[in-house]
Amino acid sequence: MARLIDWVDERTGIRALTKAALEESVPGGARLRYVFGSVLTFLFVQQVVLGILLATYYSPSATDAWASTAYIQDRVAGGWFLRGLHHHGSSVMVVVTVLHMIQVVLAGAYRKPREFNWWTGLLMGGLVLAFALTGYLLPWDQKGYWATQVATGIMGTVPLGEPLQHVVQGGDQYGNLTITRFYALHVFVLPLSLGALLTLHIYLFRRHGVTPPASLNESQLRDKTQPFWPNQLFLDVAAMAVTGAILVWLTYRTHGAELFAPADPASNFVARPEWYFLFLFQLLKYFEGPMSIIATVLIPGAVATFLFALPFVDRANSRAVKSRGAALGGVGLIMVGVVVLTALALVEDARNEDFQAGLADAERDAERSRELAAVGVPPEGGTAVWKNDPKYAAMELFKQNCSTCHEIDGRGGEEAPSLSHFNDRAWLRGVVRAPQSVAYFGGTKRHRDMEAYTAEDLPDDQLDAVVEYMLMVREQGAESPDLSAYDQALAKQGEALWASEVECSGCHSIEQGEDGDGRR
Amino acid sequence: MSDEHEQPRTPASSPPTPASAADGRRTFLKVGVGALGAGLAAVVVAPALRYSLWPLADGVKVTSGGEDFVIVGNRRQFGADPIKVDIYADRVDAWNRVANVKIGSAWVVEREGQLHAFSSVCPHLGCAVDWSAEHGKFKCPCHRSAFGRDGTAEEGPAPRPLDALDVEQRDGELVAIRFERFKQGTEDKVKI
């Protein structure tokens, strides 16, 4: 083994490279507070690996994206797990990015000479959010489609934003080009940009070293110095392991990432962004009409400007926390704002019954559409999965064969009986009063014997009783009769009327083969 | 990170007892880095292998189509000169289910009153063979394999005759073919 390494080393200088990578002294000693950068690097590499794995089954087109994602989620072995890790990985990255930033701000590590570390870090933070935004759309499910509509919609409302919006989404509305563009951004542009910034960030970090606690003086720092390898790296890897364990736990607990029903431009889905964008979502609610630019551009722009300018805002002589009140207060205020807005958004949704009902509907649709996808999605893709539903097939058959004459829910012909609310109370009442109307049996070739019962023959209260009786008869024929579907007392009256006074039984039979020859 | 147990690090001049305690701690940290790192990698690598190799797993069929006989034409259309027919079938392709799409083509020829069908897929490496009326042979456009009217390999690198497909006549009139695919490049005709 040693000889093999010698052989390689002679030709590559790998020992010197490894040494240079690992031999770094950590003044003041290894500390847990330094782990966040390493954890983020680990998460980024893991996201890249998971992303490549997902790309081996995913197809970025408006017709295939949802079907291929459902295939990964519900069919391919381990697909849900890897997709879940990738999905929750982005949430964990956002959390660790914030922790990293808090640590840097508390340590005063944005100050001279580390301004470029700070700026490259902020840019990478922005890229992490851009990853989340572009990745959210890729499954082309209801949630991704509608939430991203809001984001690109915001883009279109700001000055000069419309051309930008059309470039990003590839035209004036969502379609194949939207998904190919988001895909190209998500898997090529953003990872390459992040990789380049990360290289620069690590180079700058190695140039300036860690920012040790301000409380330690020069000689204390020297005395406590430990090597990066293995002391700090052990802490780093231990923190990665904890992060990895949380990620696996999250993934198992949620059975991976959500996948809602395929994107349906005709539906009214209750769109919500991912949790770490909820504060922006909440902010939008407070500014109406032309004022909305305050929430979409001015406030976020001011926050970003403040963060970028932080090395200049902070003019204190010391790195000690006490002497940097203004800078820390500013960052603290931003944090509090984000937390409060996020909490408000969550509380509002939790109390909003319409939202909860919409969410329940969405989850039901998600489950059903994914069941239907199991036999394969028709080539029109996405919402065409509903065609696998026998109910849908029945509706299609009706449209093709019945709707020329029959009307249902306002659509179709009027020559034959209307089938809207067929056999409900109003329908039954109507058919007794005017059986020969085209809305009932007027347009049919048979069923011409029944004559209308006017209010004189059959007063309204008696008609109600008879209708109730008919409902009772229907319920009793069901497999599991529902006693609350009709008024029992009224039905009793109706039963008496049926046989005696009104003489329905002269023509209609209740049980097959008995009494007259009319319908039911 | 690579494991570097063998690399000498402690200078020989350090006092014996504290150095060995520090060495033990260092070894622990190094082994810890290796073990935790390997564990972390395994979280992704193990499911990734199962996931990537899933198309090979037992009972998994990524694509379908070609299990059934497909009607390709009327008995009267076919004669001693081979005629190419396209095979249409319902096909499942991973997440898609498509009705009535082309899944391949076959050559149909009558010999001694019997209909024969050959897959147009060359048994050598899968190019589509064509009928050359001039030479009276099936010719592969890729590597010069040629096959007789009865499918036998006559020239070139093809290791076996053209693959015969099952033919069925229905109601005396309609001709149906079962389009199957076979392993390429082998002497034996093995269904895949």
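The values are calculated or read from the model by the stated rules, or taken from the named source; none is laboratory data. Computed from a predicted model, the values in this text were never measured in an experiment. For neighbour counting, all protein chains shown are included, and Cβ atoms are generated from backbone atoms with ideal geometry for every residue, glycine included. Surface accessibility is based on the protein's heavy atoms, side chains included, excluding ligands, DNA and RNA. Shrake-Rupley method; radii C 1.70, N 1.55, O 1.52, S 1.80 Å.
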Name the single residue, out of those in segment A:374-407 being of a type in the set (A, V, I, L, M, F, W, C) and either within 14 Å of another protein chain (Cβ to nearest Cβ) or in contact with a His (Cβ under 9 Å, 6 or more places away or on another chain) (or both), that is surrounded by the fewest Cβ atoms within 10 Å (Cβ to Cβ). A:V375
Here the residues within segment B:111-129 that are open to solvent by 80 Å² or more (accessible area, probe 1.4 Å) and free of Cβ contacts under 8 Å to residues at least 12 places away in the same chain are B:E112, B:Q114
For segment A:408-449, which positions are surrounded by 12 or more Cβ atoms within 10 Å (Cβ to Cβ), small (G, A, S) and over 18 Å from A:V466 (Cβ atoms)? A:G412, A:G413, A:A416, A:S418, A:S420, A:S437, A:A439, A:G442, A:G443
First in segment A:215-238 and more than 11 Å from chain B (Cβ to nearest Cβ), second anywhere and open to solvent by less than 80 Å² (accessible area, probe 1.4 Å) and aliphatic (A, V, I, L, M), Cβ under 8 Å, 6 or more apart: A:S215/A:A320; A:K224/A:L216; A:T225/A:V26
Look at A:F260 and say whether it is without any contact (Cβ under 8 Å) to a residue 24 or more places away in the chain and either assigned to a loop (DSSP other than H, G, I, E, B) or among the small types (G, A, S) (or both). no
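Name the one entry in A:A245, A:A239, A:A266 that is among the small types (G, A, S), under 26 Å from A:D74 (Cα atoms) and assigned to a helix (DSSP H, G or I).
Of A:A245, A:A239, A:A266, the one residue that is among the small types (G, A, S), under 26 Å from A:D74 (Cα atoms) and assigned to a helix (DSSP H, G or I) is A:A245.
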If a residue must be at pLDDT 85 or above and among the β-branched types (V, I, T), how many such residues does segment A:433-472 contain? 2
Out of (1) surrounded by 14 or more Cβ atoms within 10 Å (Cβ to Cβ); (2) among the hydroxyl-bearing types (S, T, Y); (3) under 30 Å from A:S90 (Cβ atoms); (4) within 13 Å of chain B (Cβ to nearest Cβ), what's the single condition that is false for A:Y34? (4)
Can you tell me which residue is most open to solvent (accessible area, probe 1.4 Å) among those in segment B:160-182 that are part of a loop (DSSP other than H, G, I, E, B) and at pLDDT below 95? B:D171
Any idea how many residues of segment B:54-67 are modelled with pLDDT of 90 or more and touching a strand residue (DSSP E or B) at 6+ places or on another chain (Cβ under 7 Å)? 1
Segment A:209-236 - residue that is assigned to a loop (DSSP other than H, G, I, E, B) and open to solvent by less than 60 Å² (accessible area, probe 1.4 Å) and, of those, farthest from A:L82 (Cα to Cα): A:L216
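From A:L204, A:L190, A:L283, A:L298, which residue is within 30 Å of A:A65 (Cα to Cα), away from chain B (no Cβ under 14 Å), in a helix (DSSP H, G or I) and out of contact with any Gly (no Cβ under 8 Å at 6 or more places or on another chain)?
On inspection, the qualifying residue turns out to be A:L190.
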Select from segment B:44-53 the residues that are at the interface with another protein chain (Cβ under 7 Å from one of its Cβ atoms) and either open to solvent by less than 50 Å² (accessible area, probe 1.4 Å) or not in a helix (DSSP H, G or I) (or both) and list them in ascending order. B:V44, B:P47, B:A48, B:Y51
In segment A:188-202, what residues are surrounded by 14 or more Cβ atoms within 10 Å (Cβ to Cβ) and under 26 Å from the mean Cα position of the chain (by Cα)? A:V189, A:L190, A:P191, A:S193, A:L194
Looking at this structure, is A:G135 crowded, with 18+ Cβ neighbours inside 10 Å and either at pLDDT 95 or above or of a type in the set (V, I, T) (or both)? yes
Could you list all residues from segment A:358-407 that are over 17 Å from the mean Cα position of the chain (by Cα) and at positive phi? A:G376, A:G381
Give the residue, chosen from A:T178, A:T225, A:T211, that is under 29 Å from the mean Cα position of the chain (by Cα) and among the β-branched types (V, I, T). A:T178
Looking only at segment B:54-87, which residues are open to solvent by 30 Å² or more (accessible area, probe 1.4 Å), under 22 Å from A:V377 (Cα atoms) and more than 14 Å from chain A (Cβ to nearest Cβ)? B:E67, B:D68
Looking at (1) more than 9 Å from chain B (Cβ to nearest Cβ); (2) over 19 Å from the mean Cα position of the chain (by Cα), can you tell me which one A:Y57 breaks? (1)
Filter segment A:354-373 for residues that are under 26 Å from B:A99 (Cβ atoms) and either open to solvent by 60 Å² or more (accessible area, probe 1.4 Å) or touching a Ser or Thr at 6+ places or on another chain (Cβ under 7 Å) (or both) and give the result. A:E367, A:R368, A:E371
Under 7 Å by Cβ, and 6 or more places apart or on different chains, what pairs join a residue from segment B:92-110 that is at the interface with chain A (Cβ under 7 Å from one of its Cβ atoms) and open to solvent by 40 Å² or more (accessible area, probe 1.4 Å) with one that is in a strand (DSSP E or B) and among the charged types (D, E, K, R)? none
Quick one: would you say A:A62 is facing another protein chain (nearest Cβ under 8 Å), open to solvent by 10 Å² or more (accessible area, probe 1.4 Å) and outside any helix (DSSP H, G or I)? no
Scan segment A:65-118 residue by residue and report those that are outside any helix (DSSP H, G or I) and within 14 Å of another protein chain (Cβ to nearest Cβ). A:R75, A:V76, A:A77, A:G78
Scan segment B:10-36 for residues that are modelled with pLDDT under 50 and surrounded by 11 or more Cβ atoms within 10 Å (Cβ to Cβ) and jot them down. B:T10, B:S14
If you go through segment A:43-54 one residue at a time, how many are facing another protein chain (nearest Cβ under 9 Å) and open to solvent by 10 Å² or more (accessible area, probe 1.4 Å)? 3
Go through segment B:111-153 and report how many residues are closer than 17 Å to B:I87 by Cβ, of a type outside the set (V, I, T) and in a loop (DSSP other than H, G, I, E, B). 3
Test: B:K139 is free of Cβ contacts under 8 Å to residues at least 24 places away in the same chain and within 14 Å of another protein chain (Cβ to nearest Cβ): no
Would you check which residues across segment A:11-26 are small (G, A, S) and more than 9 Å from chain B (Cβ to nearest Cβ) and list them? A:G13, A:A16, A:A20, A:S25
